[in-house]
Amino acid sequence: MKHRELQRFLVEDINRGDITSELLSNKQINARIIARQNGIVAGTKYVKALFVAKKCRVQVMKKDGQNIRTNQIVLQISGPVKSILSCERTALNLLSRMSGIATATNQLVKKVKKVSKKTHLYSTRKTAPGLRFFDKEAVEIGGGRKHRITLSDMIMIKDNHIAAEGSIIELIKRARKKAKLFEVEVDTFADAVLAATLGVPIIMLDNFSPEMIKRTIKELEKMSLRKKIRLEASGGINSKNIQDYAKTGVDMISVGSITNSAPAVDFSLEV
């Protein structure tokens, strides 16, 4: 699967041929990929695979998950000049995106862990089409968790499912017949309590304020239901308020920005 995706990326860029590199004579060259800013590196094994597929030799100098600093060498490559230059942009694009996601994830994970060891940061399905596997992988490299990768991974009843069916209770009953583990999104205190009483194992508290979450947890504790349920905070969570959410005692925090708008880490390839 991953190999096919990488080949598709190359085909997309090279298309009918790298007509500029065809101007070059056939020779062997050495090149290196250098970090142009600090961050967490992610995607080196896939970048290596891209070049190896084009008959190049690659030495990974910085492994996935390691800290990188400006001007550090991340990979060294040797091989046919046309192969290296034809892979250059595809390799840099993937490395930059994955490292950006890993870096953004790691920054938030550190903030969460400072105030709560039990709370984990999760990605969402807000990923780039065709890049979901790599985006989710980068989150994990950065210290986060993947949550669902596809719709087939787990039942998650969201607001539009409830609106379409007209009954949260009926959907929960159907979900319980199909799976032991499933999740329900709620946007009110009353629905959170209702979902808990109906035996929902994971409840997403959508756009709840930290104060609303604390109130919900207090109520579930009073009903002796808190230990049976995993609570996820989602919606409007960012680097400025994530610690406030982590302090509430939720088990999961999901943040869409780490995959849909994380700044890329800059790298360059030098011959």
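The values are calculated or read from the model by the stated rules, or taken from the named source; none is laboratory data. What you see is a predicted model; the values in this text were computed from it and never measured. No Cβ is skipped: glycine too gets one built from the backbone with ideal geometry, and neighbour counts run over all protein chains shown. Accessible surface areas use protein heavy atoms only, side chains included; no ligands, DNA or RNA. Shrake-Rupley method; radii C 1.70, N 1.55, O 1.52, S 1.80 Å.
Of note:
- Which numbered condition A91 misses (of (1) at positive phi; (2) not in a loop (DSSP other than H, G, I, E, B)): (1)
- Being crowded, with 21+ Cβ neighbours inside 10 Å and in a loop (DSSP other than H, G, I, E, B) holds for only one residue in A262, A195, A233, and it is A262.
- Selected residue (criterion: least open to solvent (accessible area, probe 1.4 Å)) from residues of the stretch 1-56 that are of a type in the set (D, E) and part of a helix (DSSP H, G or I): E5
- Hits in the stretch 163-183 - residues which are buried (at least 18 other Cβ atoms within 10 Å of the Cβ) and more than 13 Å from I203 (Cβ to Cβ): L171
- Tally, over the stretch 152-192, of residues that are assigned to a loop (DSSP other than H, G, I, E, B) and without any contact (Cβ under 8 Å) to a residue 24 or more places away in the chain: 6
- Scanning the stretch 78-136 for residues that are within 13 Å of L269 (Cα to Cα) and open to solvent by 40 Å² or more (accessible area, probe 1.4 Å) gives L85, E88, R89, N93.
- Residues being open to solvent by 50 Å² or more (accessible area, probe 1.4 Å) and either within 17 Å of S167 (Cα to Cα) or in a loop (DSSP other than H, G, I, E, B) (or both) - total across the stretch 198-230: 3
- The stretch 236-251, residues that are surrounded by fewer than 20 Cβ atoms within 10 Å (Cβ to Cβ), at negative phi and not hydroxyl-bearing (S, T, Y): N238, K240, N241, Q243, D244, K247, D251
- Scanning the stretch 137-151 for residues that are aliphatic (A, V, I, L, M), in a loop (DSSP other than H, G, I, E, B) and surrounded by 15 or more Cβ atoms within 10 Å (Cβ to Cβ) yields a single hit, I149.
- Some residue of the stretch 159-173 being within 28 Å of the chain's Cα centre (by Cα) and basic (K, R): no
- Taking the criterion of being farther than 17 Å from K2 by Cβ, among the hydrophobic types (A, V, I, L, M, F, W, C) and out of contact with any helix residue (DSSP H, G or I) (no Cβ under 8 Å at 6 or more places or on another chain), the residues of the stretch 39-80 that qualify are M61, I73.
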